[in-house]
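Trainee: This is the structure I want to talk about, given as structure tokens.
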Amino acid sequence: MMSAGRYAPSPSGDLHLGNLRTALLSWLFAASSGRPLLLRFEDLDAGRTIPGSAERQFKDLRAIGITFSGEPLWQSQRQHHYGAAVGQLREAGLVYECFCTRREIQEAPRAPHAPPGAYPGTCRDLGDAERRQRRQQRPPALRLKAEAGEYRVADLLLGEVTGLVDDLVLVRNDGTAAYNLAVVVDDYLTGVDQVVRGDDLASSTPRQVYLRGLLYGQRAAGSVQYAHVPLVLNRQGQRLAKRDGAVTLGQLSELGRSPEHVRDELLASLGLPRGPLEQAVETFDPSRLPRQPWVVDPASQKRGPSESI
Ligand SMILES: [Zn+2]
């Protein structure tokens, strides 16, 4: 059985400190457990992909010492894999067409305790005639007929993550594979059994593990180790973003901060010794990682020692 970790950015702009910190953690988790680290560009959303940004992301990751095994993977080149997975689910009777707009889903009546945004099942039982008629008005998305309800997965840092598995979208109505499907198929086919990512993505994990079980069996579903890591926040407690000031390697280098300096500050924020990653990995212990978000103030020019980014 293959075994690997992965870092999977969307090439929609330069990586900021939060992205770089998560990438660094992916590297540390993989290296400390003897796994190769794969790089996968999640470029299915053509509207968000910015030409050249994948190359810049790769360069920035290398500049802070993050290395990858093999060639990067591009999701846009893997549609045939996603199509095959949908075919498999369809044969099992687990796929149906959905004609709802986002607005219709938001406004639909739902069970009293259903979380906002959960699909209420409107199109699950449409008849053939109605589907034929609706297809004239709007191309359908494809949804999974999920029977899970609440689903629980183990996380190295968060403990247990419980989430609702609703009838998630498999293929969007423009024909593109949806995020959850692509992630599940890619992780499985490339042998990824360790997923390190920002804890804002934790809520999608139960859906992904459930889908992985449907496609590849219960054993495969239980074989992935998850670590959802704390985010980097700005002073207002919001997720760090480009508008917060100098947050990318390029912007920081204009302020005279070298990639090594940035790497060292990221390591220090994790309680790890400054220096090459190969050195940091020797003292890396997931159980001792900070569980709180890291707050930075990139706009401020006057910084204390703890916020010298
Ligand atoms: Zn629908």
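Every number in this text was worked out from the coordinates using simple rules, so none of it is lab data. Predicted model only: the values in this text are computed from it and were never measured. When we count neighbours, we look across all protein chains shown, and the Cβ atoms used for this are built from the backbone with ideal geometry, even at glycine.
Trainee: If neighbour count is taken as other Cβ atoms inside 10 Å, put 104, 160, 42 in order from fewest to most.
Mentor: Starting with the residue having the fewest Cβ neighbours, the order is 160, 104, 42.
Trainee: Assuming 0.36 nm per residue, please report the length gained on full extension of the stretch residue 79 to residue 147 beyond their Cα-Cα distance.
Mentor: 21.9 nm
Trainee: If you don't mind, another one. Which ³J(HN,Hα) values, rounded to whole Hz and listed in residue order, are derived for the range 28-33 from phi using the Karplus coefficients 6.51, -1.76 and 1.60 in 6.51 cos²θ - 1.76 cosθ + 1.60 with θ = phi - 60°, glycine and proline given as x?
Mentor: 5, 4, 5, 4, 6, 10
Trainee: Over all directions, the average projected area of the alpha-carbon convex hull for the chain comes to how many nm²?
Mentor: Average projection, Cα convex hull of the chain: 17.3 nm².
Trainee: Something else now. Roughly how many nanometres apart are two label points built 7 Å out from the Cα toward the Cβ at residue 46 and residue 189?
Mentor: Going from the residue 46 label point to the residue 189 one covers 1.9 nm.
Trainee: For the range 152-306, what mean projected area does the convex hull of the alpha carbons give, in nm²?
Mentor: Here the figure is 11.8 nm², rounded to one decimal.
Trainee: Local charge sum around residue 85 (other residues, Cβ-Cβ under 13 Å, Lys/Arg +1, Asp/Glu -1)?
Mentor: Once all neighbours under 13 Å are counted, the net charge is 0.
Trainee: In µm²/s, what is D for the range 109-180 at 10 °C and 1.306 mPa s, where D = kT/(6 pi eta Rh) by Stokes-Einstein and Rh is the Kirkwood radius from Cα pairs?
Mentor: 110 µm²/s
Trainee: Taking the chain as a whole, which cysteines find no other cysteine Cβ under 4.7 angstrom from their Cβ?
Mentor: 100
Trainee: Moving on. What are the residues whose amide H is under 5 Å from the amide H of residue 155, where those residues sit 5 or more places off or on another chain and H is modelled from the backbone?
Mentor: Amide H neighbours of residue 155: 160, 161.
Trainee: Give, as a single signed number, the net charge of other residues whose beta carbon lies under 12 Å from the beta carbon of residue 27, with Lys and Arg counted +1 and Asp and Glu -1.
Mentor: Here the count lands on +4.
Trainee: If I take R0 = 35 Å and measure r between the Cβ atoms of residue 69 and residue 107 in this structure, what FRET efficiency does the formula 1/(1 + (r/R0)^6) give, to the nearest 0.05?
Mentor: 0.15
Trainee: For the range 1-82, which semi-axes, largest first and in whole Å, follow from the square roots of 5 times the eigenvalues of its Cα gyration tensor?
Mentor: The three semi-axes for the range 1-82 are 21, 17, 9 Å.
Trainee: Among 294, 27, which comes first, second and so on when ranked by fewest other beta-carbon atoms within 10 Å?
Mentor: Ordered by Cβ neighbours within 10 Å, fewest first: 294, 27.
Trainee: Between 227, 37, 295, whose Cα lies farthest towards the positive end of the dipole of the chain when Lys and Arg beta carbons carry +1 and Asp and Glu beta carbons carry -1, centred on the Cα centre?
Mentor: Of the options given, the answer is 295.
Trainee: Which percent of Cα pairs goes in each bin when the distances of the range 165-236 are cut into 5 angstrom slices starting at zero?
Mentor: P(r) over the range 165-236, rounded to whole percents: 3, 15, 25, 23, 17, 8, 6, 2, 1.
Trainee: Report the Stokes-Einstein translational diffusion coefficient (µm² s⁻¹, integer) for the range 75-197, Rh taken as the Kirkwood radius over Cα pairs, at 4 °C with viscosity 1.567 mPa s.
Mentor: Estimated via Stokes-Einstein, D reaches 81 µm²/s.
Trainee: Find how much the distance from residue 32 to residue 287 grows on full extension, using 0.36 nm per residue of separation minus their present alpha carbon separation; answer in nm with one decimal.
Mentor: Result for the pair: 90.5 nm of gain on full extension.
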